[in-house]
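I have placed the structure first, in the form of structure tokens, so that the comments after it can refer back to it.
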Amino acid sequence: MKKAVSMFIALVTVMLALVSISFNVQNVEAASAEDSDYGIEQVNHTVEVMYNGYIFINDTIRITGQASNGFLIGFPYKYGSHVLRCVAYNATDTFQVSLNVPLENRVGFYGVKIIFPQGAPQVFTVGFVLSNDLLNVLEVNYYLLDFPAYPSLTKTVTNCSVVVDLPKDTQDVIVTKDDGTVNASAYLKQNLPAFTYSPATATFSLTGDEIQLFDIKKLRREVRISGTGEIDGSDSYDITSKAPTEINSIEIILPANASNPSAQDQFGREMPASGWADEPTNRYRVSFTLPVESYESTKFTVKYYLPSRVYITQEGFGNLNIAFPLFQHLSYYIEQLSVTFVLPEGAKVGHENASVSGSYNLMRGVFQEAVTVNRQCVFSLDSFDVEIIYEYSLLWLSFRPALWVWALATVGCAIVVIWKRPKAPVLVGVPTVGMRLRVEHIESFVDAYEEKKKILLEIKSLETRVRKGKIPRSRYKVRRKTLETSLNALSRSLAELKEKMRAAGGRYADLMRQLEVAETEISEVEANIESIKARHRRGELSLGAYRKLLADYERRKEKAETTIDGVLIRLREETR
């Protein structure tokens, strides 16, 4: 009985093994049938570090035969979470890609499949954009780059050349990978095995600022065209620093032929230290008034002018064509971008602009139209030209003046009608005149205000002395209460005198307005000083940034106090 059972178990085991072998043979044959119709002769694997630290991996592939069922390429899976974009293209076409697919069911790879709708070309390129988290600063001017040493492919590659494309001033490049260390930014691998799994690191030194670690969250460009053809442009950036130290300046790319650029911070203040970094290549350096701290965000705007003769051409009577290149010579990665073209008042986008209803957004106002292009995840390969044909009549140049003339004429006619109509009997009344201001009122105001300043100074002196322990706290409380009582009485008197001086009108009302503006400025500055002191104590502000902000606020406070002193001096002179 035991012998029969043993024979049955052995027979079942053999049958299962035969079924498994048959299944595996079928899978191997299917896979072989799918992939055996092409070979890989050459791969040029380029790893480029963009200006803001993002990584662009560019694999140019030469194959023999036909990859009729698509082409698989990838790299170690740890890089998959850093993939932001993937594009596949050749000289004439762009191909569809499927992200995060299995690399022939191999574990540990992030795969991408390229679909060729009309047969695979013999040469094509696959590009990946990876986040700047793969670039780290080890110490000042010393970097560590983490990247895939080779592409992961499903077939052996006859020749694979690798170039780590770094800024021209880079020195001491050392590439460390599984198959050895290279003291250079370029190396070659022959007969690269299929399913190569090879993470690598490159260390290098860079003394310049050709690399700055930051994210461009948003870029909003507005191109405004006037009726006379003048073009005004403005680029508004929203960035976040990812550098371990402060960023004092960054470089941006302006449109070709931009002139007279000027930079403004998020509050509209000029940044005078900004200027051209290299005008022929349209690189403009924005120098921040206050450095951008690590992982802090800031906004700024650069305004400029563009020549109409370069961008606008006449397309027959009343038809104009604006041709504007976008994203040319882009050296950084942008998360979100919008470009808006604001046409002159009265201009109408032509019906032949088929692209306007597709990849563009057309916004129609009462008198004005605008075309907006929106993109996400933008880098250098996204360059293209926007062409907008619109109809415009020069008669619209007189629209605003004519509107004003019509409005003035209407108002004038209404005045004439009212003036000519029969008048009702007019009651005679006593004319109202401004209150006459007496010298005693001015003297009382100046004396009270100076007394108020003395009391405020004494209160601050008391706070300093009690903080340093020079007077008992009980004495401090009694004295402070006495001073505050006097201050309240003075404030009421000053309020009454201010109303009298405002009622007097003329220069006295203007002086009161100047005084109130200066007082408001001092209150805001003192609140801001307390705020930055608290932030500095909590460690949110570095010592350098705290000192710069404090100096700025002190200057504003001093200017406001000078204004108050000037008002008091002028009032004092009125009493002499």
Return yes when Val433 is loosely packed, with under 10 Cβ neighbours inside 10 Å and modelled with pLDDT under 75 and no when it is not. yes
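Let's see how each residue does on (1) among the charged types (D, E, K, R); (2) touching a residue at least 40 places away in the same chain (Cβ under 8 Å); (3) in contact with a helix residue (DSSP H, G or I) (Cβ under 6 Å, 6 or more places away or on another chain); (4) under 18 Å from His329 (Cα atoms):
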residue: Arg221; (1), (2), (3), (4): yes, yes, no, yes
residue: Ser226; (1), (2), (3), (4): no, yes, no, no
residue: Ile231; (1), (2), (3), (4): no, yes, yes, no
residue: Asp235; (1), (2), (3), (4): yes, yes, no, yes
residue: Asp238; (1), (2), (3), (4): yes, yes, no, no
residue: Ala243; (1), (2), (3), (4): no, yes, no, no
residue: Ser249; (1), (2), (3), (4): no, yes, no, no
residue: Leu254; (1), (2), (3), (4): no, yes, no, yes
residue: Ser259; (1), (2), (3), (4): no, yes, no, yes
Condition (residue is basic (Lys, Arg), farther than 27 Å from Val137 by Cβ and surrounded by fewer than 14 Cβ atoms within 10 Å (Cβ to Cβ)) applied to region 262-271: is it met by at least one residue? yes
Take Arg283 and decide whether it is surrounded by fewer than 17 Cβ atoms within 10 Å (Cβ to Cβ), among the basic types (Lys, Arg), within 17 Å of Ile216 (Cα to Cα) and under 21 Å from the mean Cα position of the chain (by Cα). yes
Unique match (being assigned to a helix (DSSP H, G or I) and either more than 21 Å from Ser331 (Cβ to Cβ) or in the same structural domain as Pro199 (by TED's automatic domain parsing) (or both)) among Gly74, Gly80, Gly119: Gly80
So, first residue more than 14 Å from Glu293 (Cα to Cα) in region 531-551, second residue surrounded by 14 or more Cβ atoms within 10 Å (Cβ to Cβ) and of a type in the set (Ser, Thr, Tyr), Cβ within less than 7 Å, six or more apart or across chains; the pairs are Ile532/Tyr546
What are the residues in region 541-565 that are of a type in the set (A, V, I, L, M) and outside any helix (DSSP H, G or I), if any? Leu541
If you scan region 123-161, which residues turn out to be closer than 24 Å to Phe195 by Cβ, in a loop (DSSP other than H, G, I, E, B) and not charged (D, E, K, R)? Ala149, Tyr150, Pro151, Thr154, Thr156
Count, please, the residues in region 450-495 that happen to be in a helix (DSSP H, G or I) and over 22 Å from Ile522 (Cβ atoms). 12
Checking Leu290 against (1) crowded, with 18+ Cβ neighbours inside 10 Å; (2) touching a helix residue (DSSP H, G or I) at 6+ places or on another chain (Cβ under 8 Å), the condition it does not meet: (1)
Got a sec? Which strands (runs of 3 or more DSSP E) wholly within region 263-350 have at least 1 residues that are among the acidic types (Asp, Glu)? 275-278, 334-342
Search region 302-333 for residues being touching a Lys or Arg at 6+ places or on another chain (Cβ under 9 Å) and not small (Gly, Ala, Ser), and hand back the single one that is surrounded by the most Cβ atoms within 10 Å (Cβ to Cβ). Tyr333
Which listed residue, of Asn183, Asn191, is more than 16 Å from Val47 (Cβ to Cβ), in contact with an Asp or Glu (Cβ under 9 Å, 6 or more places away or on another chain) and not assigned by TED's automatic domain parsing to the domain that holds Phe300: Asn183
Could you please find all residues in region 162-175 being outside any strand (DSSP E or B) and of a type in the set (A, V, I, L, M, F, W, C)? Leu166
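The values are calculated or read from the model by the stated rules, or taken from the named source; none is laboratory data. Keep in mind it's a predicted model, so treat the numbers as computed, not measured. Backbone-built Cβ (ideal geometry, glycine too); neighbour counts: all protein chains shown.
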